[in-house]
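So the structure is just underneath, and the comments pick up after that.
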Amino acid sequence: MAFRKLEQSFCVLEYARTSSVVTVQRRFRAEFQKAAPVFNSIKKWYAKFRDEGCLCIAPRPGRPGPSEETVNRIRETYQHSSCKSTICKKTWRVSLSISIRITMIRCVVYLLRIFKMFRGLMNNLVFNILRTYRVCV
């Protein structure tokens with residue numbers, strides 16, 4: 001069962017105060033009206049808090065995103081030639097010309113389009129707010 005940080009911190013504080021897992025489990029059931037964590041979980045949370053000073057989960061190494069250089073190369077390629085689009089054949093040609101995988105190009109182009117759309121929405125929102133309050137634009 002997954003426990004929220006509030007519940008984990010409750011267990012850690014109670015264990016630090018009482019040094020009894022059974023007491024922690026009893027008070028947990030009384031406080032949160034749900035099944036208490038097992039002995040090993042409480043001890044593990046307490047040891048982690050004692051050693052690291054935090055119950056936070058360390059960031060996991062994931063799949064790295066595109067580098068800034070890759071994004072800039074794709075952006076420049078699409079800005080220089082307005083006829084290039086993300087249609088499969090043309091994307092394939094672009095990937096060959098700048099030697100970047102097709103999937104990476106599609107991902108970056110998609111993100112750039114979302115950013116451009118979001119930026120346009122924000123500009124419209126700011127313009128409407130300024131117009132509403134009759135501020136000169």
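Every number here is computed from the coordinates shown, using simple stated rules; none is lab data. This one's a predicted model, so the numbers in the text were calculated from it and none came from an experiment. Note that we place each Cβ from the backbone using ideal geometry, even for glycine, and neighbour counts take in every protein chain shown.
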Practice task
Under a cut-off of 19 Å between alpha-carbon atoms, report the aspartates and glutamates in cross-link reach of LYS34, not counting same-chain residues fewer than 8 places apart.
Solution key: GLU7, GLU14
Fill in the blank from the handout: For VAL21, the net charge from surrounding residues (Cβ-Cβ under 12 Å; K, R +1; D, E -1) works out to +3
